[in-house]
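Rule-based calculations on the coordinates, nothing more; no lab input. None of the values given here were measured: they were computed from a predicted structure. Cβ coordinates were reconstructed from backbone atoms using ideal geometry, including for glycine residues, and neighbour counts include every protein chain displayed.
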Amino acid sequence: MLIVYSNLMVARAVIGDSPSIYNNGPGGVSYFFTIMMYRNSPIAIMNFDELHQYSPWIHVLFIISPDKPISIDDARKVLEWVSNGGEVVVMDETNSTEALLKLLGVNKSVFAGYIAMGICKVDDHAMPILFDVFKTFPEPGKAKPICWTRNSVVAFEKKIGKGSVIVIGDSSLVINYIVMDTRYGALDTYLIKRLVGNKEILIYEGNRAYRIMYSIKGVTTINAIMAMISGFPGVFFEHQGLLKIISLMILWMIITGFVSMYLFSFPRAPYPKLKKPARSEALITRKEIQRGLKDWGVETSKKK
């Protein structure tokens, strides 16, 4: 992401290996939502105040393990949108969405740092699902359980007004590593596709940890080039005419573009196209998952 001020250029990039659509790494979710673009037109939102712009009847909102906890005020905004007919899918094995869970009446979750095969039941259709590094909900209250593993509830659905909230204690169902590199990716993503149906997709990308890079020197260089070139038309106008001015303007745009690319690169597209995996693995090892969590930089609690 690139922001330009009057004399300063700021580049923002996601820190770590978070489940973000802006992350192409193993823990990112860019690949799955690229696939979903064909039918569901995913849109990223950075603030829950934006929800009022989207009809709750035709959209489903994804909240996938934010890096920073969402506030109780934001949780209320989400449930207000849901009560008007919206659907929200929360996928989180961390404590980032605890405020929302408390409003749903769920006050306890237990972290499970292992891999397990589970079963999910949606519309009376049962399917096997791979869970890894997830959390369970021993007391889901009045919510309806929809996924289980080792006799523990991993996901549930809670009706709120005219809509519903589906909470899954695992964000890895749609991460790039699972979707691209294991034979279980098709099973996990099939569950999410059933939950989405034909609705449009909203993805919450706020509360992420970003790396901000400032560069005054680069902008000064660009401005110097622009000033130098902008002085040329006065020299050539008298002798060469309008053709020279047009040529110099084109040259100015080309040079400025290449300098910008060299210094900062272009911002990453929200839904980049990824190459097909070079290898296929049956399972993610526990060691790789733990390393992924460390790279993400988000702590999880064993008991909440």
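When Lys and Arg each count +1 and Asp and Glu each count -1, what net charge do the other residues less than 12 Å away from VAL82, Cβ to Cβ, add up to? Numbers along the way, then the final one.
Working: positive: ARG76, LYS77, LYS158, LYS159, LYS162; negative: GLU80, GLU87, GLU157.
Surrounding charge for VAL82 is +2.
So, in nm, how far is label GLU139 from label ASP49 when the simple model puts each one 7 Å beyond its Cα toward the Cβ?
Inter-label distance under the simple model: 3.6 nm.
Name the residues whose placed amide hydrogens come within less than 5 Å of the amide hydrogen of VAL89, ignoring near sequence neighbours (fewer than 5 apart) on the same chain.
Here the answer is LEU61, PHE62, ILE63, ILE166, since their amide H atoms fall under 5 Å of that of VAL89.
Taking 1 over the mean of 1/r across every pair of different Cα atoms in the range 27-146, what Kirkwood radius in Å do you get? Walk me through the numbers on the way to the answer.
Working: mean 1/r = 0.0624 Å⁻¹.
About 16.0 Å, per the Kirkwood formula over Cα pairs.
Towards the positive end of the charge dipole of the range 118-217, with charges on Cβ (+1 Lys, Arg; -1 Asp, Glu), say which of GLY206, PRO140, MET180 has the farthest Cα.
About the Cα centre, the residue reaching furthest to the positive side is GLY206.
What is the gain in length, in nm to one decimal, between ILE250 and ASN198 on full extension, counting 0.36 nm per residue of separation less the C-alpha to C-alpha distance? Don't jump to the answer; show the numbers that get you there.
Numbers: separation 52, 0.36 × 52 = 18.72 nm, distance 4.49 nm.
Gain on stretching ILE250 to ASN198: 14.2 nm.
Net charge near MET46: determine it from the other residues with C-beta under 10 Å of the C-beta of MET46, scoring Lys and Arg +1 and Asp and Glu -1. Each step should come with its number before you reach the end.
Details: positive: ARG208; negative: ASP49, GLU50, GLU205.
Once positives and negatives cancel, what remains is -2.
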